[in-house]
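Asks: Take a look at the following structure, please.
The values are calculated or read from the model by the stated rules, or taken from the named source; none is laboratory data. Just so we're clear, the structure is a prediction, and the values are computed from it rather than from any experiment. For neighbour counting, all protein chains shown are included, and Cβ atoms are generated from backbone atoms with ideal geometry for every residue, glycine included. Accessible surface areas use protein heavy atoms only, side chains included; no ligands, DNA or RNA. Shrake-Rupley method; radii C 1.70, N 1.55, O 1.52, S 1.80 Å.
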Amino acid sequence: MKKYLLASVAAVAGVAMSTAAFADIVIATAGPMTGQYASFGAQMKAGAEQAVADINAAGGVNGEQLVLEVGDDACDPKQAVAVANQMVGKGVVFMAGHFCSGSSIPASAVYAEEGIVQISPASTNPKFTDERPGPGVYRVCGRDDQQGQVAGTYLAEEFGDKNIAVIHDKTAYGKGLADATKAVMNSLGKNETLYEAYTAGEKDYTALVSKLKQDNIGVLYVGGYHTEAGLIKRQMVDQGMDTLLVSGDALVTDEYWSITGPAGEGTLMTFSPDPRKNPVAAPVVKALEDAGKTAEGYALYTYAAIQAWADAAKAAGSTDYDEVVTALNGGNFSTVLGDLSFDDKGDVTLPGYVWYEWKDGKYDYK
């Protein structure tokens, strides 16, 4: 009898522990935690961890604590789908991700099918929201066509007398951004001297740089990430070229300068207004920096994505997919990026893109 009672108590305790664990709300972030773009994964992870810590310290969401899962997609579409399915198995109700558009787009089909709200902090390809598979897909960053409008106009107006080359890395992000920029530039009467694709992940771009030199390229627009852009810029300087490199928001990492060194001086890039300069973000920036973590790039965008979802869940009084989507669609949210809301596509209503310049190892407003 005693053995039976002990077993019963253990069983009840086990159920209680299981129920307590189940009461936690599981959310996630996913991006390139490893690989050549891991600096962006580090930004996302830092922002997500800080958001969860701050929300939990303030009482959680509807009286329950948040638990964060972190997925590594290495910016690979197939791996992103695998990560999405893993998150389904872990009971995730919200995904603050992914980073690369090429990951977010295929993963969004899984989240839509399984009733998981997705807010990307960084995926800028228009297809992500234009062709979203369900109503629970959003982003808190801008779009490539917005970024391309700014970049294409600038190239046409400022460098009409220069030979301009437009290159891209064949990814959904890189090609999308390059093509959007090219289209605007062309519409304003400026045509590129060279339009070409390159292969991401290589270490030697001598052949491409030689072609740029032969065509006397004065301005190079790169649709791609900081790793390849940095190598190409450095190798242009090594070949005696003073070509200006212009690119987009994937250069918002100190790793760009780590690759280029002084060769990166003067590089221009488009990015949204720096959220670190937003007064309401100051406590979060300080907390991240005090912990030895980065607040640059997409750290605060990931934080804001979680803020928006959490506030929507509080407004709905539930983490139910349909109820949270209704709250997101009709709400205005105070975040570290400022007050934001979402349009009927799931795009964010925030200021667009501005110019930054790399100087002395740092980037700041031009």
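Asks: Within the range 157-175, which residues are more than 16 Å from THR199 (Cβ to Cβ) and in contact with a strand residue (DSSP E or B) (Cβ under 9 Å, 6 or more places away or on another chain)?
Replies: If the condition is that a residue be more than 16 Å from THR199 (Cβ to Cβ) and in contact with a strand residue (DSSP E or B) (Cβ under 9 Å, 6 or more places away or on another chain), then GLU158, PHE159, LYS162, ASN163, ILE164, ALA165, VAL166 are the ones that fit.
Asks: Among the candidates LYS314, LYS277, single out the residue that is within 25 Å of MET95 (Cα to Cα) and open to solvent by 60 Å² or more (accessible area, probe 1.4 Å).
Replies: LYS314
Asks: Just checking, how many residues over the range 283-300 are in a helix (DSSP H, G or I), open to solvent by 50 Å² or more (accessible area, probe 1.4 Å) and not acidic (Asp, Glu)?
Replies: Qualifying residue count, the range 283-300: 2.
Asks: Would the range 231-246 turn up any residue that is in contact (Cβ under 8 Å) with a residue 60 or more places away in the chain, of a type in the set (Asp, Glu) and open to solvent by 20 Å² or more (accessible area, probe 1.4 Å)?
Replies: Within the range 231-246 (the criterion being in contact (Cβ under 8 Å) with a residue 60 or more places away in the chain, of a type in the set (Asp, Glu) and open to solvent by 20 Å² or more (accessible area, probe 1.4 Å)), the answer is no, since none of the residues qualifies.
Asks: Right, here's the next one. Could you go through the range 93-111 and let me know if any residue there is open to solvent by 40 Å² or more (accessible area, probe 1.4 Å) and small (Gly, Ala, Ser).
Replies: Within the range 93-111, one or more residues are open to solvent by 40 Å² or more (accessible area, probe 1.4 Å) and small (Gly, Ala, Ser).
Asks: ASP130 versus (1) open to solvent by 10 Å² or more (accessible area, probe 1.4 Å); (2) free of Cβ contacts under 8 Å to residues at least 60 places away in the same chain: which is the lone unmet condition?
Replies: For ASP130, the exception is condition (2).
Asks: Tell me, which strands (runs of 3 or more DSSP E) wholly within the range 79-161 include 2 or more residues that are closer than 16 Å to ASP347 by Cβ?
Replies: Passing ranges, in order: 117-120, 137-139.
Asks: Still on this structure, please answer the following. Would you check which residues across the range 42-78 are touching a Ser or Thr at 6+ places or on another chain (Cβ under 8 Å) and assigned to a helix (DSSP H, G or I) and list them?
Replies: Residues satisfying the conditions are ALA42, GLN43, MET44, LYS45, ALA46, GLY47, ALA48, ALA51, PRO77.
Asks: Now a separate question. Regarding LYS211, is this residue within 23 Å of GLY102 (Cα to Cα), assigned to a helix (DSSP H, G or I), open to solvent by 20 Å² or more (accessible area, probe 1.4 Å) and charged (D, E, K, R)?
Replies: Working: within 23 Å of GLY102 (Cα to Cα): no; assigned to a helix (DSSP H, G or I): yes; open to solvent by 20 Å² or more (accessible area, probe 1.4 Å): yes; charged (D, E, K, R): yes.
No: the conditions fail for LYS211.
Asks: What's the total number of residues in the range 228-258 that are in a loop (DSSP other than H, G, I, E, B), among the hydrophobic types (A, V, I, L, M, F, W, C) and farther than 26 Å from GLU296 by Cα?
Replies: Count: 1.
Asks: Collect the residues in the range 91-112 that are over 9 Å from the mean Cα position of the chain (by Cα) and within 23 Å of LEU66 (Cα to Cα), keeping them in residue-number order. Talk me through it step by step, then tell me what you get.
Replies: Of all residues in the range 91-112, those over 9 Å from the mean Cα position of the chain (by Cα) come to 91-96, 102-112.
Those that are over 9 Å from the mean Cα position of the chain (by Cα) and within 23 Å of LEU66 (Cα to Cα): GLY91, VAL92, VAL93, PHE94, MET95, ALA96, SER104, ALA107, SER108, VAL110, TYR111, ALA112.
Asks: Another one. Could you list, in sequence order, all residues of the range 34-64 that are polar (S, T, N, Q) and open to solvent by 50 Å² or more (accessible area, probe 1.4 Å)?
Replies: THR34, GLN36, ASN62
Asks: Hey, any hits in the range 220-227 for a residue that's of a type outside the set (S, T, N, Q) and assigned to a loop (DSSP other than H, G, I, E, B)?
Replies: Yes, there is a match, as at least one residue in the range 220-227 is of a type outside the set (S, T, N, Q) and assigned to a loop (DSSP other than H, G, I, E, B).
Asks: I've got another one for you. Kindly check whether there is at least one residue in the range 169-179 that is free of Cβ contacts under 8 Å to residues at least 40 places away in the same chain and buried (at least 18 other Cβ atoms within 10 Å of the Cβ).
Replies: Within the range 169-179, the subset free of Cβ contacts under 8 Å to residues at least 40 places away in the same chain is 170.
Those left that are additionally buried (at least 18 other Cβ atoms within 10 Å of the Cβ): none.
Within the range 169-179, not a single residue is free of Cβ contacts under 8 Å to residues at least 40 places away in the same chain and buried (at least 18 other Cβ atoms within 10 Å of the Cβ).
Asks: Out of curiosity, is ASP344 in a strand (DSSP E or B) and open to solvent by 10 Å² or more (accessible area, probe 1.4 Å)? Working first, answer last.
Replies: Numbers: in a strand (DSSP E or B): no; open to solvent by 10 Å² or more (accessible area, probe 1.4 Å): yes.
Against the criterion (in a strand (DSSP E or B) and open to solvent by 10 Å² or more (accessible area, probe 1.4 Å)), ASP344 does not qualify.
Asks: Take the conditions of a type in the set (A, V, I, L, M), in contact with a Gly (Cβ under 7 Å, 6 or more places away or on another chain) and over 25 Å from PRO121 (Cα atoms) and apply them to LEU231. Does it pass?
Replies: It is false that LEU231 is of a type in the set (A, V, I, L, M), in contact with a Gly (Cβ under 7 Å, 6 or more places away or on another chain) and over 25 Å from PRO121 (Cα atoms).
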